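For reference, the structure is listed below as structure tokens.
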Amino acid sequence: MSKSNNINYELEKNMEVISQLDGFVTHAVENILVDPDDCWQPTDFLPDMSKMDAFDEIKKLQERASGIPDTVITSLVGNMITEEALPSYQTYFNLLEGINVEGNLLSNSGWVKWSKAWTAEENRHGDLLNKYLYLSGRCDMKKVEQTIHRLIYNGFDPRSEKDPYQALIYTSFQERATKISHVNTGKLADKAGDDVLSRICKTIAGDEARHEKAYKSFMSQVFEIDPNGAILAFEKMMRKQIVMPAVLMGKGGSNPTLFDQFSAITQKIGVYTGWDYARIIDHLVKLWDIESLSGLDGLASKAQDYLANLSDRYMRLADRMKAPDEVALAWLK
């Protein structure tokens, strides 16, 4: 069988498995995600502009925000920009093989329902952080808006090859990474004296934790039905490494190294580090019980060996990684 025929065969098989999970995914929409009428909304955390004391509340917000270090504000902006590129993520998800077979966003398919409901919940994150940063007065919002524009303009490619298995691996990893990033930012905000921003970050992290739980459960089902295909998809994504969603935020612009600067800051202040990357791999390997899978074919057995030792390799790399002494800040006043 030629390489192209083999890829087509794998995708067809994976699509069949994905279609079997439709009811499981519908259950996740109904039980893990939250009805829009019951969800928190950005206005729950921000000054009410219809009230007489609105400007007093904005002044308090700015006083709290004034004590946050520039590095933390820059990291927060990068997190927010990542969240604001949501149109690219929903487009990507609906282009996966077997997810939206009808090409209809009004479909009753569980996967289509998930795509819309997940996106709707995620949409509040960028809205809230954007409004907070605007009111804080700490950022050059024109530059922030230009970066958001450029990131959506440039698009998004997690290199999952339209394969739904690889995509579920990616989202399981990325939702956990985003959760960690927001949790750690919340801790730094709390330390700097902004209890409201701390609560905002921890609330967003709570959403990411629910989404992480769902994506990991989807992939757990795939491992039960097709362990050989699942472990090969896991290996493929890990060999390519997980590409962060905002990696193209500076491409084509006046500062093409913008994402590298953002990553250096998150590493330096402990928002998201090489150790976190290694620990996420370790978590997923243990969650899906990779080392105990039996009855695998030859290629899958090799993938098992590779994955079993991968987190240790990345932990050693993280141990040797030196945080930069100085970092370039962006988006600040």
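Each reported figure results from applying straightforward, stated rules to the coordinates on display, with no laboratory input. Here the structure is a predicted model, which is why all the values come from computation and not from measurement. Cβ: placed from backbone, ideal geometry, glycine included. Neighbour counts: every protein chain shown.
Residue separation of Asp70 and Met141 scaled by 0.36 nm, minus their Cα-Cα distance, works out to 24.1 nm of gained length.
Taking Cα centre as origin and charging only the Cβ of basic (Lys, Arg, +1) and acidic (Asp, Glu, -1) residues, the dipole magnitude of the chain rounds to 1040 debye.
For the range 123-136, backbone phi angles converted through the Karplus equation (6.51, -1.76, 1.60; θ = phi - 60°) give residue-by-residue couplings of 4, 5, 5, x, 4, 5, 5, 4, 5, 4, 5, 4, 6, 5 Hz, Gly and Pro being listed as x. Do the alpha carbons of any pairs in Lys251/Lys322; Lys60/Lys142; Lys179/Lys286; Lys216/Lys251; Lys113/Lys162 sit beyond 27 Å of each other, and which pairs? Pairs exceeding the cut-off: Lys216/Lys251. GNM remark for the chain: springs join alpha carbons under 10 Å apart, and the peak mean-square fluctuation among Glu57, Glu97, Glu84 falls on Glu57. A prolate overall shape is assigned to the chain, the ratio a/c of its alpha-carbon gyration tensor axes (a ≥ b ≥ c) being 1.5 or greater and a/b exceeding b/c. Calculated mean residue ellipticity at 222 nm for the chain: -22500 deg cm²/dmol, from DSSP H runs with n ≥ 4 weighted as -39500 (n - 2.57), summed, divided by the residue count and rounded to 500. Our coupling estimate for the range 154-170, obtained by passing each phi through the Karplus curve with A = 6.51, B = -1.76, C = 1.60 and θ = phi - 60°, is 7, x, 8, 9, x, 6, 9, 6, 6, 7, x, 4, 4, 5, 5, 4, 4 Hz, Gly and Pro reported as x. For the options Gly103, Gly229, Gly78, a Gaussian network treatment of the chain with springs between C-alpha atoms closer than 10 Å singles out Gly103 as fluctuating the most. Counting every other Cβ atom within 10 Å of each residue's Cβ, Glu235, Glu30, Glu145, Glu121 order from fewest to most as Glu30, Glu145, Glu121, Glu235. Residues whose amide H lies under 5 Å from that of Cys139, counting only those 5 or more places away or on a different chain, are Lys333; hydrogens are built 1.01 Å from N in the peptide plane.
Just so you know, the Cα atoms of the range 232-333 work out to an Rg and Dmax of 17.0, 59 Å.
The Cβ shell under 12 Å around Phe218 holds other residues with a net charge of -2, Lys and Arg each +1, Asp and Glu each -1. Ranked for footprinting exposure by Cβ neighbours inside 10 Å, fewest first, Cys139, Cys201, Cys39 give Cys39, Cys139, Cys201. Counting neighbouring Cβ atoms within 10 Å and putting the fewest first, the residues Phe156, Phe218 line up as Phe156, Phe218.
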